[in-house]
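Taking it in order: structure first as structure tokens, then the write-up.
Read the figures in this text as sums done on the coordinates, not as results from a lab. What you see is a predicted model; the values in this text were computed from it and never measured. Cβ: placed from backbone, ideal geometry, glycine included. Neighbour counts: every protein chain shown.
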Amino acid sequence: MRICVFGAASPTIDKIYIEKTEELGKLLAERGHSLVFGGGGNGLMGAAARGFKAGGGEIVGVIPKFFDDEEIEAICDFCTELVFTETMRERKQMMEDRADAFVVVPGGIGTYEEFFEVLTLKQLRRHEKPIAVYNVRGYYNELQSAMNGAMEKGFIQRHCSELYLLSDDPEEIVKLVEANVGVGHSVKELKRG
């Protein structure tokens, strides 16, 4: 399977996040999976790529050309394939189309946006790909609290909690990705409008 990893580009984050993401990438690659990601060489994007490389996996980076032109972030220099896009939207679309599953590691604004986009598309039954959120050191605890609060208040349907897995256990994440279980609910059960 090709796993799309969304995560931070920042090189200034705590090393534990980098170590855990590298370990997860290596584990996934050793299980025969490959990586599609945002093409960054730093932060958790770079860590995921290094992990997949260490595990012998194929690595496909997708990055907008203006990131290189404007030196916005370092580009991973050992991708099996590096694809340049014109826009961020094209980048996300290409990663989504090439992915069989999504793993969200800690990240900032872009990572949150990527997670909510693939989650929304799954809620609307536009795909049935697994989504795992790697909760290293409780990074996503507040996100889960916000999701639970929105469910309690009726803004998000309860079945939506089944659309993704939040876990700090790499083995549990691998199990979800490899199980590749479908949604199991209709759009009407997942979204009322």
Place a point 7 Å from Cα of E19 in the direction of its Cβ. Which residues in the stretch 96-140 have their backbone N less than 19 Å from it? 105-107, 134-140
In nm, the gap between the two label points placed 7 Å beyond Cα toward Cβ at E58 and R31 is 1.9 nm
With +1 at each Lys and Arg Cβ and -1 at each Asp and Glu Cβ, the charge dipole magnitude of the stretch 1-111 around its Cα centre, to the nearest 20 debye, comes out at 360 debye
Using θ = phi - 60° and the Karplus curve 6.51 cos²θ - 1.76 cosθ + 1.60, what whole-Hz ³J(HN,Hα) does each residue of the stretch 100-107 get, with Gly and Pro shown as x? 9, 7, 10, 10, 9, 9, x, x
In whole Hz, what ³J(HN,Hα) sequence does the stretch 27-35 give by Karplus (6.51, -1.76, 1.60; θ = phi - 60°), x for Gly and Pro? 4, 5, 5, 5, 8, x, 8, 10, 10
When ranked by the protection proxy of mean other Cβ atoms within 10 Å per residue, highest first, what sequence do the peptides 148-157, 116-125 form? 116-125, 148-157
Once normalised by the length of the chain, the mean sequence separation of its alpha carbon contacts under 8 Å that are 6 or more apart gives a contact order in percent of 20 percent
Residues whose modelled amide H sits under 5 Å from the amide H of L165, counting only those 5 or more places away in sequence or on another chain, are I131, A132, V133
Taking the dipole of the chain about the Cα centre (Lys, Arg +1; Asp, Glu -1; charges at Cβ), the one of I173, S145, Y112 that reaches farthest to the positive side is S145
Report, in deg cm²/dmol and to the nearest 500, the calculated mean residue ellipticity at 222 nm for the chain, where each DSSP H run with n ≥ 4 adds -39500 (n - 2.57) and the sum is divided by the residue count. -13000 deg cm²/dmol
